1. Kindly list the number of the only condition in (1) surrounded by 24 or more Cβ atoms within 10 Å (Cβ to Cβ); (2) assigned to a loop (DSSP other than H, G, I, E, B) that fails for L120.
2. Select from the stretch 195-223 the residues that are at pLDDT below 80, out of contact with any Leu (no Cβ under 8 Å at 6 or more places or on another chain) and among the small types (G, A, S) and write down the one among them that is farthest from A299 (Cα to Cα).
3. Can you name the number of the only condition in (1) charged (D, E, K, R); (2) surrounded by 17 or more Cβ atoms within 10 Å (Cβ to Cβ); (3) part of a loop (DSSP other than H, G, I, E, B) that R431 fails?
4. Looking only at the stretch 194-226, how many residues end up being without any contact (Cβ under 8 Å) to a residue 60 or more places away in the chain and loosely packed, with under 15 Cβ neighbours inside 10 Å?
5. Among the candidates V146, V69, V183, single out the residue that is open to solvent by 10 Å² or more (accessible area, probe 1.4 Å), touching a helix residue (DSSP H, G or I) at 6+ places or on another chain (Cβ under 6 Å) and among the β-branched types (V, I, T).
6. Take G422 and decide whether it is touching a helix residue (DSSP H, G or I) at 6+ places or on another chain (Cβ under 6 Å) and crowded, with 20+ Cβ neighbours inside 10 Å.
7. Just one of the numbered conditions (1) open to solvent by less than 10 Å² (accessible area, probe 1.4 Å); (2) not in a helix (DSSP H, G or I) is not true of G190; which one?
8. Being closer than 22 Å to F386 by Cβ, open to solvent by 20 Å² or more (accessible area, probe 1.4 Å) and touching a residue at least 12 places away in the same chain (Cβ under 8 Å), is that true of even one residue in the stretch 273-292?
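The values are calculated or read from the model by the stated rules, or taken from the named source; none is laboratory data. Everything numeric in this text was worked out from a predicted model, so none of it was measured. Every residue, glycine as well, gets a Cβ built from its backbone with ideal geometry; the counts of neighbours run over all protein chains shown. Areas reflect the complete protein model, heavy atoms only, side chains present, ligands, DNA and RNA absent. Shrake-Rupley method; radii C 1.70, N 1.55, O 1.52, S 1.80 Å.
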Amino acid sequence: MANRTGRRETITQHPDLPWWRTVTRYQWFVFAVVSGAWLFDTMDQRLFSLARIPALADLMGLPASSLEVQAFAKTSTALFLVGWGIGGLTFGALGDRFGRVRLLTISILLYSICTGLTALCRTHEEFAILRFVTGLGIGGIFGLAVAILAETMSGAARLAMLAGLQVLSTFGNVGAAFVKMGVDTLGAHGWIDSAHGWRWLFAIGALPALLAILSALRLRESDAWLKLKAEGQLPKGIFGSYGELLRQQDERHNLLIGTLLAVAGVVGLWAIGEYAVDLQHAVFTGWFSARLPADQVAAAVASAKNWSFMLQMAGGAIGMWIFSWIAARFGRRPAFVAGFSAALIVTLFVYWRLESPADAYWMMPLMGAAQFSVFAGFSIYLPELFGARTRGTGVSFAYNLGRFAAAIGSFGSAYLTTHLYGGLPAPDPLRFSAMTMCAVFLIGIVTALFAPETRGRALRD
């Protein structure tokens with residue numbers, strides 16, 4: 001029987017049906033909206049990754065290979081991550097108090113509008129400031145989306161849908177790569193100014209504002225949240241959910257576990273894997289310069305980077321499905337141990353041995369699979385650690401505190417690149433700074449060994 005939000009607890013009513021046969025039309029709609037919000041969120045992230053070097057080179061009037069451009073790109077990324085972290089810590093708590101759907105809508109509008117404004121910036125300082133504000137909106141999406149979806153689904157359908165949310169995020173990443181390729185093609189044919197192609201990328205990133213309208217019109221709060229509201233059991237005060245998380249020993253323990261896992265994964269992706277594109281630019285430029293006429297090098301480098309990125313995302317999607325299978329079959333703890341171990345080994349190897357576009361075409365899918373695998377675990381596991389009163393806050397805190405750590409990691413990576421390893425011939429500073437940073441994956445491995453196992457347990461109310 002359907003309840004007032006259109007949900008149907010079909011897992012218990014039809015235990016022999018495959019999970020997708022138990023999902024109602026409204027549940028599919030919820031999945032489409034929140035996954036779309038996260039998909040466009042990741043698309044915005046990747047547009048930034050692909051455009052930040054050309055944008056800053058244009059705004060600073062320096063070559064893209066300049067260490068000043070590379071260093072400020074890492075500074076901009078760090079500010080982006082700080083904004084992301086602040087937004088996540090704030091919007092998650094506000095969502096638990098005032099409604100996850102309402103805050104999700106605000107988050108989408110904030111990041112899409114500020115992304116559009118980035119296309120109009122005139123200086124590299126404005127660029128960095130706008131990315132910080134964009135990060136505020138982006139930071140609110142994950143915790144709110146996961147809390148809404150987790151409380152709308154149950155049983156096997158919940159695990160599959162939460163994993164699917166993360167897998168679909170790679171479509172946002174791949175979509176960003178296709179958008180980049182399209183803009184590069186327009187620039188190559190002279191239809192737009194190729195020197196300002198990055199502005200078109202950020203203008204396209206404003207489109208998710210349309211999704212916010214759909215979210216505001218049709219998406220409803222979960223039964224769990226509505227029940228708490230009706231009973232007067234919502235957290236007291238704007239940030240009251242933090243007090244509830246910190247007062248109880250089990251909640252504090254779960255918060256610590258979730259946060260350390262997220263720190264390891266997010267730092268690994270954003271302060272290590274994120275800069276693979278910079279290593280590729282340096283390696284591919286040298287490789288093609290030795291083989292092609294000078295006027296063909298830039299286009300060849302851009303094409304090779306785009307294909308490497310798409311292959312990395314394809315590997316990421318496969319890695320997340322593998323993680324989800326291990327988590328369902330053997331448990332969340334062994335899945336995290338396997339994921340972080342693979343990330344450590346594969347990332348070290350890729351940064352050490354990447355020498356040509358051909359290397360990237362098989363190495364990047366492996367690194368994508370390893371580094372992205374644990375992100376499926378964040379969407380599956382984090383909402384299982386917290387009750388309905390504090391789920392948005394707990395998930396957002398654990399996931400987004402990793403953004404602050406990644407920001408620190410980005411500053412650390414910039415220091416390693418320009419100071420500790422700065423005297424080495426290019427691109428060795430990029431290689432060795434990333435390899436040094438790989439120690440963060442050890443945090444994930446050790447934390448996973450002490451994490452509570454939630455496989456087979458019902459979601460806490």
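1. (1)
2. That would be A216.
3. R431 satisfies every listed condition except (3).
4. Of the residues in that region, 3 qualify.
5. Numbers: V146 fails: open to solvent by 10 Å² or more (accessible area, probe 1.4 Å); V69 fails: open to solvent by 10 Å² or more (accessible area, probe 1.4 Å).
Step by step, each of V146, V69, V183 is checked, and only V183 is open to solvent by 10 Å² or more (accessible area, probe 1.4 Å), touching a helix residue (DSSP H, G or I) at 6+ places or on another chain (Cβ under 6 Å) and among the β-branched types (V, I, T).
6. On the way: touching a helix residue (DSSP H, G or I) at 6+ places or on another chain (Cβ under 6 Å): yes; crowded, with 20+ Cβ neighbours inside 10 Å: no.
Judged against the criteria, G422 is not a match.
7. Of (1) open to solvent by less than 10 Å² (accessible area, probe 1.4 Å); (2) not in a helix (DSSP H, G or I), only one is false for G190: (1).
8. Among the residues of the stretch 273-292, not one is closer than 22 Å to F386 by Cβ, open to solvent by 20 Å² or more (accessible area, probe 1.4 Å) and touching a residue at least 12 places away in the same chain (Cβ under 8 Å), which makes the answer no.
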